[in-house]
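Single-structure report; data block below.
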Amino acid sequence: MELKDYQIKTLEQLKHYLEQLNGWRTKAAQNPELEIDFPAKAWEKAEVGKKYHSHKNGIGNPLPNFCLKIPTGGGKTLLAVKAIDLINTTYLKKRTGLILWIVPTTQIYNQTIRSLRDREHPYRQHLDIASGGRTTILEKTDRFVPLDINENLVVLILMLPSASRQNKETLRMFKDNGGFQDFFPPEDNIKANQELLKQIPNLNTYGEAGNFWEYQIKTSLGNTLRLLNPLIILDEGHKAYSETAQSTLRSFNPLMILELSATPPEESNILVDIRGAELNQEGMIKLDLHIINKASTDWKDTLLAAVNHRGFLEEKAQEYEANKGAYIRPIVLIQVERTGKDQRDSGRIHAEDVREFLIKTMGIPAEQIATKTSEKDELKEVDDVGGLLSRDCQIRYIITKQALQEGWDCPFAYVLTILSNPTSQNALTQLVGRILRQPFARKTKVKELDESYVFCYQQRASALLSNIRSGFEQEGLGDLAGQVVTDEGLEGSEAVREKNVLIREKFKKAVSQIILPVFVMQDGRESWVVNYERDIASRIDWNEINIEPMYSLPLSLIEEKDIEQIVSLATNPHKLIEQQGVKHLRSGALKLDEVFLARHLLDIVPNPWLSYKIGALVLKELIARHNIKLVANNFVFVIEELRKLLSSEKNRLSKQVFQKLLDAGRLKFLVIGNDLGFKFPKQIKAKTLSRPLLRNDGQPLQRSLFEFVAEDEFNKTEKAVAWYLEDQDKLFFWFRNVARSDYAIQGWKKQKVYPDFIFSVANGKVGGSVFIIETKGVHLKNEDTDYKKSLFEVCNKMADEKKMSDLGLALQKSHINFQVIFENEWRRKFNSLFNSV
């Protein structure tokens, strides 16, 4: 599963904080008298830019507690499993231990259990790689022993109500049920019990002081969790901010709490804040959102319109499948007012009324309709045929009242039909997020299949858009609230969905003559913009790949995965447990499997036979140098190192291909005519709900290329850059380059580079200097940054060699310059830049 740019950025920022956290934890341990709040210090040094709210766990230790703010549809579960691997390798330095994964609803619980237990699911495969193939997924009714924790990565999934002390179910977690006695001293060992209570004073006990037996520790699940210091993954973390929930979570004595939420509260420590615009740019969500507000008072007219539109979408989906081979079956979600058996004659719109209308009036086959309520869940049967995304599934209409409001997820859901009382404020707000996820997490480039639709009736225009805004905010997509398109039946100023924004009149003439260069392939008289897969990756000679460094890969002689570690209560009062002995159990954390290895290389080496050949050769050479048992014990390490090497080699060979094409004159950096190259758009679309970016003094912008620029498209650094540019007298205009839609440079790596800013220093004259700038956070200096700098150097060299003479336009007389600038140096670099022109 290939990560999106914002997911890569999220993990880079997390790793940066974990590295700081590890360093400051060490300093705190070396200087206990200073009582260093190491999570807060690490937060400060990581330059997160937000205030850190400090916490302590149940035994008074500083508790790293932070949040990844990821909107709906952003892949929170994938990021969670990748984060577990990062935390274990960067911070905990181990592959085993206990993960307490807490979810808020039954639907999310079932989805999480199902995906993590499925060994073919990407989430589980990521965990297996992280654990060396020893992943154990448990529920609260399952029993486990110390050996399980010591030898495996144990993921215990709990419902949020089960993690709150305010209900009987949770109290059972702290009952002495006898299932976890191996974690505790024997009951008759009074001294050991007392020592353990000194170390962990918040363990639940029997008895009272002064009795013969003193306090006896309960051998309960709750106490076991407190003993093991779990890493807590808190899904939908904003639902656990009541005083009771927070107190309970910290009382488990976690070593860290990682929250994932689309809408964290103000007191949350937000480490990463992903905006809806980033998901939209990556093709993760279906926007624009179209709202069709029917004027008719008859709910059947609204349902009829929704059914007809679904049919239209299915025609588009069938055409798409014929062309691309990808299967999509558009689904309509229908929200009704009543679902109970005895409520049909209440005068409200009932689920059975809708089912009957669909079957008898619209002629919809019964097997295409499912009802999802608290009493009746016909979607359970769908799992038997592979789920809603399976070709074998017939479901096209799902009728519900509230059962889909949280946690339910199906990318095929395109149409939301609201048949509840038009005065109801909650239906639209709570259900809109269910239709936003894009199939296959990428745009189809079929407009109708890349957007989503709401059908309702007799809704007031102002209330309708207000509810949509609220719905977007609840899904963490507040910055995209402007991308709502209202259709027939709406009135008033709020019905205006978007407006055209033009280039400022004073820039039109000059800008019309500027076309920015791109890398272009030439073959005789034929020319085209370079395509990575077709023009670069396809030319890689995999026979030139050098995998010899793998043959001398140092393998660990410690067979950590092949032993049973016997532990008991430590005699040293500063330690909780210590190892008492070792038993050899079995060989190999993972069975050596060439097919398993090849499967984990396919995203790098697309040919499965070649992937298999490379993997088999590496294993053969390692086994020849070491015994097979040692290689098997290091199999996960071998996979990780081979992936790193192959990625590096692919980039090296891609760069060679790129350079050879340049040297042969087949690849050029230029513009041929008006078709091959980037020309500034004559107008852009702006959502009427977006706030305009203003100058630092509150006055309207004057030097932006377009008359209106939306404030929500800028982060803090980008906003500061825009304000700086506005103040420069030498500046002609500046343009905020939008990823996935504006100017891009395709280099020798797969991902295109989208610079952040383009600006011209020309004092109003054609033929001045054009600067193309990429801004980067200081903590994001990495291999990707080096690549962009290297690519920009090639661009600058090609531009300086005046090989763009084919332009015949204003840029022929211009100086063009590409730069990568870090956020801690941009002002100094810009000062130097403007002083030199």
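List of remarks:
- Selection from segment 600-610 of residues that are in a helix (DSSP H, G or I) and under 20 Å from Lys750 (Cβ atoms): Pro608, Leu610
- If you go through segment 5-20 and keep only what is closer than 15 Å to Cys67 by Cα and open to solvent by less than 80 Å² (accessible area, probe 1.4 Å), you end up with Gln7, Lys9, Thr10, Leu11, Glu12, Gln13, Leu14, His16, Tyr17, Leu18.
- Residues in segment 640-656 that are within 14 Å of Gly132 (Cβ to Cβ) and modelled with pLDDT of 85 or more: Glu641 only.
- Tabulated pairs, segment 384-399, first farther than 15 Å from Pro439 by Cβ, second exposed (fewer than 15 other Cβ atoms within 10 Å of the Cβ) and modelled with pLDDT under 85, C-beta under 7 angstrom, 6+ apart or interchain: Asp392/Val385; Asp392/Gly386
- Within segment 144-156, considering residues that are in a strand (DSSP E or B) and touching a Lys or Arg at 6+ places or on another chain (Cβ under 8 Å), the one surrounded by the fewest Cβ atoms within 10 Å (Cβ to Cβ): Leu156
- Scanning segment 521-543 for residues that are of a type in the set (A, V, I, L, M, F, W, C) and either over 33 Å from the mean Cα position of the chain (by Cα) or farther than 29 Å from Val770 by Cα (or both) gives Met521, Trp528, Ala537, Ile540, Trp542.
- Apart from one condition, Ile623 fits all of (1) of a type outside the set (Phe, Trp, Tyr); (2) open to solvent by 40 Å² or more (accessible area, probe 1.4 Å); (3) touching a Phe, Trp or Tyr at 6+ places or on another chain (Cβ under 9 Å); the exception is (3).
- Pairs with Cβ under 8 Å, 6+ apart, first in segment 49-72 and closer than 30 Å to Ile285 by Cβ and of a type in the set (S, T, N, Q), second open to solvent by less than 30 Å² (accessible area, probe 1.4 Å) and in a loop (DSSP other than H, G, I, E, B): Asn65/Asn269; Thr72/Ala262; Thr72/Leu436; Thr72/Glu475; Thr72/Gly476; Thr72/Leu477
- Positions within segment 57-99 being assigned to a strand (DSSP E or B) and within 24 Å of Gln20 (Cβ to Cβ), in sequence order: Pro62, Asn65, Phe66, Cys67, Leu68, Lys69, Gly97, Ile99
- Within segment 220-271, the only residue that satisfies the criterion of being touching a Gly at 6+ places or on another chain (Cβ under 7 Å) and on the phi > 0 side of the Ramachandran plot is Asn253.
- Single match in Lys629, Lys613 (criterion: in a helix (DSSP H, G or I), surrounded by fewer than 15 Cβ atoms within 10 Å (Cβ to Cβ) and at pLDDT 85 or above): Lys629
- Qualifying residue in segment 655-664 (condition: touching a residue at least 40 places away in the same chain (Cβ under 8 Å), in a loop (DSSP other than H, G, I, E, B), closer than 20 Å to Arg534 by Cβ and open to solvent by 70 Å² or more (accessible area, probe 1.4 Å)): no
- Scanning segment 110-143 for residues that are free of Cβ contacts under 8 Å to residues at least 24 places away in the same chain, under 24 Å from Arg226 (Cβ atoms) and out of contact with any Asp or Glu (no Cβ under 8 Å at 6 or more places or on another chain), we see that the one that is least open to solvent (accessible area, probe 1.4 Å) is Leu138.
- Residue count for segment 602-642, restricted to those that are free of Cβ contacts under 8 Å to residues at least 60 places away in the same chain and either among the small types (Gly, Ala, Ser) or farther than 22 Å from Arg539 by Cα (or both): 10
- Residue ID - modelled with the highest pLDDT, chosen from residues in segment 733-769 that are closer than 22 Å to Glu505 by Cβ and among the aliphatic types (A, V, I, L, M): Ile758
- Selection within segment 708-751: residues that are surrounded by 16 or more Cβ atoms within 10 Å (Cβ to Cβ) and among the β-branched types (Val, Ile, Thr). The member of this set that is nearest to Pro517 (Cα to Cα) is Ile745.
- A count restricted to segment 27-68 and to residues that are more than 29 Å from Leu203 (Cα to Cα) and either of a type in the set (A, V, I, L, M, F, W, C) or buried (at least 23 other Cβ atoms within 10 Å of the Cβ) (or both) stands at 5.
- Pairs where the first residue, in segment 528-551, is farther than 30 Å from Leu622 by Cα and the second is open to solvent by less than 70 Å² (accessible area, probe 1.4 Å) and among the charged types (D, E, K, R), C-beta under 8 Å, 6+ apart: Tyr532/Lys749
- Residues that are of a type outside the set (A, V, I, L, M), open to solvent by 30 Å² or more (accessible area, probe 1.4 Å) and modelled with pLDDT under 85 within segment 665-681 comprise Gly673, Asn674, Asp675, Lys679, listed in sequence order.
- Hits in segment 307-331 - residues which are β-branched (Val, Ile, Thr) and either open to solvent by 30 Å² or more (accessible area, probe 1.4 Å) or modelled with pLDDT under 95 (or both): Val307
The values are calculated or read from the model by the stated rules, or taken from the named source; none is laboratory data. This is a predicted model, so every value here is computed, not measured. Here the Cβ is made from the backbone with ideal geometry for all residues, glycine too, and neighbour counts use every protein chain on show. The protein model used for the area step is the full one, side chains on, heavy atoms only, and it has no ligands, DNA or RNA in it. Shrake-Rupley method; radii C 1.70, N 1.55, O 1.52, S 1.80 Å.
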